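Please treat every number below as a calculation from the coordinates, not as lab data. In this text the structure is predicted, and so the values were computed from the model without any measurement. Because the Cβ atoms are built from the backbone with ideal geometry, glycine has one as well, and the counts that use them run over all protein chains shown.
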Amino acid sequence: MQLTVEGISFRYGKRLPWILKDVDFTIKSGQRIGLLGTSGYGKSTLGKILAGYEKPIEGKVLLDGRALDDKGYCPVQMIHQHPELAVNPRWKMRQILYEAYTPEEKLLQQMGLELSWLNRWPRELSGGELQRFCIARALAPETKFLVCDEITTMLDVITQAQIWQFLLEVAEKRQLGMVIITHNPELGKRVCTDVVRIDELGT
Amino acid sequence: MRSKRTVFENRRIQLVFWVVLALCYLLGIFFVGLGVKESAYGICFEDKFLAPSLRHPFGTDGLGRDMFFRCMKGLSTSMVIGILAAVVSSFLALVMGILSAVLGGFVDKFINWAVDLCMGLPHIVLLLLISFMMGKGMKGVTIAVALTHWPALTRLVRSEVLQIRSSLYVQTAYRMGKSPYQVAVTHMIPHVLPTYVIGLILLFPHAIMHEAAITFLGFGLPAEMPAIGVILSEAMNHIAAGKWWLALFPGLLLLTVVVLFDVIGDNLKKLWNPQSGNQ
């Protein structure tokens, strides 16, 4: 499968400057592209457009040549920098995790998620634990591409390593395409198959 | 750890206990008041200005009427007005808050302008004007109290809906293929409902106080009707003459009712809030 971005431009308001201008970008299944660049150059915005959170003002996002459907489960899922914002604080973890699909217990074990945590509220878990829940939640069978927006930036090094090891394993097994947004060139080199600088995309 | 605690040390159970106790007390007053017959507080000149005794727990007034039953009757009238006002006002607030947040643009501006307008005027002046315009009495008071308690709750509902609409987890739910209906039922309503219900409960004491206030000032319920406002304003004439029970008991009763509604509202807030719900 192939996810393509064709000549997209984006800005957050009519009078605001363009954040992305005429950006072309392609990613294939199994590819892991690291998206590097300075803050404010639109890395996250590009990620949000890929995953359908924002609509580009010009240009299109195509999955195997067809436009992404607004309805139904989006095969491009995004994992965010702040997991505590990506979960409903009024829901227990069980409801949050099972929102899209019912993950196997094996997957939870692999990720180091304890079953007893399912009865807790999000604020009773740490950031790393929450992030692992968010990752498990995004790994429904229909997911073909993953956009990871600085997903381990706020975690300690050991948790970072655990999460990436697991994610790479899954990505390899399921031939997921991944867009990995990061500030950390070392991480980019370590986990990505290709590295792209955001300011080199588009014009 | 948790299993070693006794039942009464659990804060959750304590809160529920207080809420139930307060509810019992309020419902008790409400139904006793509704059931009181007019003869129970009839005029009896032989019993003028009796101090509190077993036969007349709250004493009697200048016409020999039993103050206990007048207070009960008055408070339950106040509660009926309070319920009506809270239901009407909170419904207005819910509809306007949601419209304002969902439609945005001109509607949002207009509703905000209306909220500012109503909040800018002193509340009691607005109440007096509406009550006076509607011909005072039960009708005037009810309409006035019902129509003036929506602005604060409207703002609250609006900001809650706005906040959740733009929240990451709602957007993520859409990306997971949830329909707007599913999102509204599973994410939005559970988010807005506690705020709404607690707002509704906390409207009660306001409505009751305002009813008593405009009646006290003579723009509300007629003098022959037993109402806390009427009782208190009559009591003002006798307080210098040492008839302390005329003001003390009705005042205390009004205060307890108002405080208890507040207790219920605050405790429900604590129980419902995920920040404190599991403590």
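Roughly how many debye, to the nearest 20, is the charge dipole of the protein assembly as shown about its Cα centre, given +1 on each Lys and Arg Cβ, -1 on each Asp and Glu Cβ, and no other charges? Walk me through the numbers on the way to the answer.
Details: 48 positive and 39 negative charges, 63 e Å.
For the protein assembly as shown, the charge dipole is close to 300 debye.
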Using alpha carbon positions and the Kirkwood radius, the Rg to Rh ratio of the stretch B:57-173 is 1.18
Angle, helix A:157-174 long axis vs. longest principal axis of chain A, Cα atoms, 0 to 90°, nearest 10? 70
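After finding the eigenvalues of the alpha carbon gyration tensor for chain B, what semi-axes result from the square roots of 5 times each, listed largest first in whole Å? Display every interim value, and only then the final one.
Details: eigenvalues 346, 134, 32 Å².
Taking √(5λ) for each Cα gyration eigenvalue gives 42, 26, 13 Å.
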Too long for a 18 Å Cα-Cα cut-off, among B:Lys37/B:Lys73; A:Lys106/A:Lys173; A:Lys144/A:Lys173; A:Lys92/A:Lys144; A:Lys21/A:Lys60, are A:Lys92/A:Lys144
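Count charges around A:Ile158 for me, please; just the other residues with Cβ under 14 Å from its Cβ, Lys/Arg as +1, Asp/Glu as -1.
On the way: positive: A:Arg132; negative: A:Glu129, A:Asp156.
Neighbour charge sum, excluding A:Ile158 itself: -1.
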Extreme residue, positive dipole direction of the protein assembly as shown, given options A:Tyr41, A:Leu97, B:Met134 (C-beta unit charges): A:Leu97
Starting from 0.36 nm per residue, how many nanometres of slack lie between A:Arg66 and A:Glu142 once their C-alpha separation is accounted for? 25.7 nm
Please compute, for peptide B:162-174, the average count of beta-carbon atoms on other protein chains lying within 10 Å of each residue's beta-carbon. 5
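I'd like the FRET efficiency for A:Glu6 and A:Lys173, computed as 1/(1 + (r/R0)^6) with the beta carbon distance as r and R0 of 30 Å, rounded to 0.05.
0.50
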The protein assembly as shown: spread of alpha-carbon positions along the three principal axes, whole Å, largest first, is 100, 58, 32
Label points 7 Å out from Cα along the Cβ direction at A:Glu186 and A:Ile57: separation in nm? 3.9
Alpha-carbon centroids, the stretch B:209-277 and the stretch B:121-196: separation in whole Å: 25
With Cα springs under 10 Å, the Gaussian network model of chain A assigns the largest mean-square fluctuation among A:Ile158, A:Ile19, A:Ile57 to A:Ile158
Give me P(r) over chain A, computed from all C-alpha to C-alpha distances, binned every 10 Å, as integer percentages. 8, 36, 36, 18, 2, 0
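Given R₀ = 51 Å, what would the calculated FRET efficiency be for A:Gln165 paired with B:Asp262, taking r from the Cβ atoms and rounding to 0.05?
Values: r = 54 Å, r/R0 = 1.05.
Here the calculated transfer efficiency is 0.45.
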Does the stretch A:46-156 come out rounded, prolate or oblate, given a ≥ b ≥ c as the square roots of the eigenvalues of its C-alpha gyration tensor, rounded meaning a/c under 1.5 and, failing that, prolate meaning a/b above b/c? prolate
Note, B:Val230: beta-carbon cut-off 12 Å, +1 each Lys/Arg, -1 each Asp/Glu, net -1
What share of the DSSP beta bridges in the protein assembly as shown is antiparallel, in percent to the nearest 5? 45
In the calculated pair distance distribution of the stretch B:59-98, what percentage of Cα-Cα distances lie above 12 Å? 66
For chain A, with +1 on Lys and Arg beta carbons and -1 on Asp and Glu, the positive-most of A:Ala136, A:Leu155, A:Ile57 along the dipole: A:Ile57
What helices does chain B have that are whole DSSP H segments, at least 30 Å long along their own axis by Cα, and with mean Kyte-Doolittle hydropathy of 1.6 or more? B:11-35, B:67-103
If you put +1 on each Lys and Arg Cβ and -1 on each Asp and Glu Cβ, how big is the dipole of the stretch B:208-278 around its Cα centre, in Debye rounded to 20? 200
Along the stretch A:44-56, Karplus-curve 3J(HN,Hα) (6.51, -1.76, 1.60; θ = phi - 60°) to the nearest Hz, with x for Gly and Pro, reads 5, 4, 4, x, 5, 5, 4, 8, x, 6, 10, 9, x
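Taking Cα pairs under 8 Å and at least six residues apart, what relative contact order does the stretch B:92-161 come out at, in percent? Spell out each step's value before the answer.
Working: 68 pairs, mean separation 35.9, N = 70.
Computed value for the stretch B:92-161: 51 percent relative contact order.
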Roughly what angle does helix A:127-138 make with the longest principal axis of chain A, taking Cα atoms, 0 to 90 degrees, to the nearest 10? 70
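So if we plug the beta-carbon distance of A:Thr38 and B:Ser166 into 1/(1 + (r/R0)^6) with R0 = 25 Å, what FRET efficiency do we get, rounded to 0.05?
Numbers: r = 26 Å, r/R0 = 1.04.
My answer for the efficiency is 0.45.
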Mind putting a number on the dipole of chain B about its Cα centre? Charges go on the C-beta only, +1 for Lys and Arg and -1 for Asp and Glu, and I need it in Debye to the nearest 20. 1020
